[in-house]
Structures are given as C-alpha cells and as structure tokens.
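Colleague: Structure below; questions to follow.
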Amino acid sequence: MVDSAATGVKKTAVSALVAAETISVLGTRMTYLALPWFVLVTTGSPGKMSFVLAAEILPMAILGIPSGVVVQRLGSRRTMLIADAARAPVLASIPLLHVAGVLSFGLLLGIVALLGCFMPPYFASQRTILPELVGEDETRMSQANSAIEGGSAFAALIGPVLAGALIPFIGASNVLYVDAATYLVAFVLVLAFVPRRKPVAAAVQHGVMAGLGFLRRDALLAPMAATVVLFGFLSAGMSAGLPVYAFDAFDGRSGIAGLFYSALGAGALVGSLVAVVFVKKFPPLRLAAFGVLAFSILLWVLPLLPPWPVVFGALFLATFFTPLINGPTLAVLTARTPPDLRAKVMTAVITVNTLAAPLGYLIAGQILERWGIVPLFTAVVVGITFSAILFAGITWRYDDGEPTGELAVT
C-alpha cells in the first residue's frame, strides 16, 4: 500500500513536470517567433534581430556553470519555482514598456538578457529532479525525458502557429503577454504537485567548476561536449535564418514563419512517441547516433530555397529524430554522473551547449545582412553534417554508456 501510494505520487509529480514544461514551452515558442518578428518589423534589420537572439543566449553561457551551485543550495523544486515566478513579470515588461514608448533597443537587449539568466538553472533542475521521482534506472529516465520532450514538442507544434495567427491581429509585442502567463501556470503546477526534496548540500564542496571538470575527465562526455559546441553554433545560424527567410521570401507573412516553427514541434512530437518505445529496445547511444545522422541529411534542402511546403516537410522529418537523440543522451549523461554532481554537470552541459550560440547568431546576422539566406543555410547544413558524423563516431563506440573499444573513462 505504501509503495503504491509512493508510486502514485511520483507519477503525479512527473505528470506535473511534463504539464508545466508543455505550457511553458507553448508560450516560449510563441515568443520564439514573436520576438524576432517584432524586431524585424520595427527595425527591418536582420543584424539587430541577431543581437536580440544573442543577448538571450549569452547569459546562459556565462552563468550556466555557476548556476549549478544555486541549484544545489536551493534544490531543484525551489529553483524551478523562483525561475518561473521571476520570468513572468520580466517578460511582461517588454510589451508594457513598448506601449509606454520607452522601450529602446538597448533596454530590450537588457531585458532579454535577464530572461536568459534563468534558463540554465531551470533546465538543470528539471532534469536533476527526475532521478528522485523515477529512480536511477537508465531506461526509466529515458522514458521520463522522452515524455518531457514529447510535451515540449506538442507545445512547439501549437505555439508558432498560434503566434503566427495572432501577430497580424494583436501585434508581435502583445503575444509576449501570453508567454508571461504560461510561466505563472507552470509555477502553480510545480508548487502544487511536485513534492519538496532536500537539496544535496555535499556537492557544494566540489566547487563551482566541478561539473565542467567531470565532463572534461570523462572519455565519452568530453568529446560529446565538443561536438555539442559545434551544434550550438550552427543551430543558432539556422534559427536566425528561418524568420528572415519567411519575412523576405513570403511578403512578411508571419503565418509562414509560424508554420516553419510548428514543423519543428510536429516532427519532435511524433518522434517522441516513437522514442518512448525505441529506448526500451535499443542501446541509447546507438539510437542517438542514428538519429543525429538522419537529422543532418534531411536539412540539405534548405539552401535550395524550395517552396514553403517542402521546407515544412524537411524540418518536420529532421526534428522527428531529435527525441531519439536528446532523450537517450540525457539519460546516459544522468546515469554516468554521481548524484551529488548532477546539478553542476547539467548546468555545465547547458553552458557548453550555448557557449557558441551567441557568436552563431551574430555571425548569421552579418551573413544575412551582406550575402543573404543561401550562403547562411549552405554553411549551416555543411557544418551540421560534419558535427553529426563526429557525434555518431564518438557514441557508436559505446554500448549503453560503456566503451566497446579501448576508449575508457579516465
């Protein structure tokens, strides 16, 4: 009876996490289109748009590793609550200041950067709390991560379409109010349904850089992290290019841009349903290696600038494979990391993932300003393919996180 009750609490908590993530991502994906669209409409400059995108990512790279200490001291649940409660008013300030006529470009950059400060501890908390809810089993963590990926993918499917439909009627800046409200809903869900857990204080003794040090010493995670840096740099270029392509090639129709972003969510949503089944049957890293290669191949249509339905289809098929990459990779990462280091390792991974993204946005903006979309998309797909081959080569030597060759954890 006690075990059954405890299992019910854990299932409710995981369901609340999935619901909170789904609702939060719904608003975030609306902002993902609305914010760059707002900059393009008000300034007409892809370069300034890329500065805004970079401003949100840069604090994540700078503060990612130190935020691991915050997660350890406050605990995963409390960190998530603080992040959601803080981001709601910060985001709502953008349309408020715009209506008041006092939203300068510099102030916008500052607000967006402040929002970015909360992302690394929130993401790390969301993942580090999972072992407390489902246990240390790698397969269960893969399933829980895939469920979160599925909820995120569903929201990513609906959010851009909704934003693209609302922008012509209420304006891009007012869409941000919806995102602010989703943070409050996520706050309530975590507060009400995710049980309190004591912070793991022992990890603080390892120091701020302990997570990065663990990644560097691990023979699997270190080279994987290096390829993640490349992916972060190149993915930023693609993210910067999609709204500009829609804005320039399709007469400023926000609905087309919304469909592009919804394709990313639709593919990931369908892929997450498959991933929940496949993670039970295949070694996680072999699954991730296959997924990353398939993802890269499907992006090669972008430099051809085909009609928008073809772009929609390519993005859908490519992101179908992302849950096959993310869920298993995060599960192996969590399983390989000592419990008292997980928060710091997770924030180190986020930092590594976002380290090159600001530079990617800035360079993409300059390429768009000077040469246009074709050179940008060409460089992106070539680079992503190269990175995918590297990632697959690294992970293929491991089976369920253990080396199959002479490479071993040092």
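Colleague: To one decimal place, what orientation-averaged projected area in nm² is obtained for the convex hull of the Cα set of the chain?
Modeller: Averaged projected area of the chain's Cα convex hull equals 18.7 nm².
Colleague: Could you look at segment 174-327 and say what percent of its accessible area is carbon and sulfur, using a 1.4 Å probe and all protein chains?
Modeller: That share works out to 73 percent.
Colleague: With every protein chain kept in place and ligands, DNA and RNA left out, what is the accessible area per residue of the chain? Probe 1.4 Å, answer in Å².
Modeller: Roughly 40 Å² per residue, with all protein chains present.
Colleague: Sorted by average packing, counted as other Cβ atoms within 10 angstrom per residue and highest first, what order do 23-29, 101-107, 245-251 take?
Modeller: Going from most to least packed, we get 23-29, 245-251, 101-107.
Colleague: Let me ask something additional. Only helices at least 24 Å long along their own axis, judged from Cα atoms, and with Kyte-Doolittle mean hydropathy of -1.0 or greater: name those in the chain from DSSP H.
Modeller: Answer set is 2-43, 46-63, 76-100, 138-170, 172-193, 221-249, 254-278, 373-395.
Colleague: Can you tally the net charge around residue 243? Count Lys and Arg as +1, Asp and Glu as -1, for every other residue whose Cβ sits under 15 Å from the Cβ of residue 243.
Modeller: The answer is -1.
Colleague: Could you rank the peptides 383-390, 213-220 by their average count of other C-beta atoms within 10 Å per residue, with the highest value first?
Modeller: Answer by packing, highest mean first, reads 383-390, 213-220.
Colleague: Okay, moving on. Only Lys, Arg, Asp and Glu count, each charged at its Cβ (+1, +1, -1, -1), so figure out the dipole size of the chain about its Cα centre, rounded to 20 debye.
Modeller: Around 580 debye, computed over the chain.
Colleague: When the Kirkwood hydrodynamic radius is evaluated over all pairs of different C-alpha atoms of segment 265-342, what value in angstrom, to one decimal, is obtained?
Modeller: Final number for the Kirkwood radius of segment 265-342 is 13.4 Å.
Colleague: Additional query: Calculated from DSSP H runs of 4 or more alone, at -39500 (n - 2.57) each and per residue, what is the 222 nm mean residue ellipticity of the chain, nearest 500?
Modeller: Counting only the DSSP helices, I get -27500 deg cm²/dmol.
The values are calculated or read from the model by the stated rules, or taken from the named source; none is laboratory data. Since the model is a prediction, treat every value here as computed from it, not as a measurement. As a convention, Cβ positions derive from the backbone with ideal geometry for all residues, glycine included, and neighbour counts pool all protein chains shown. When the accessible area is computed, the model is the full protein with side chains, heavy atoms only, and any ligands, DNA or RNA have been set aside. Shrake-Rupley method; radii C 1.70, N 1.55, O 1.52, S 1.80 Å.
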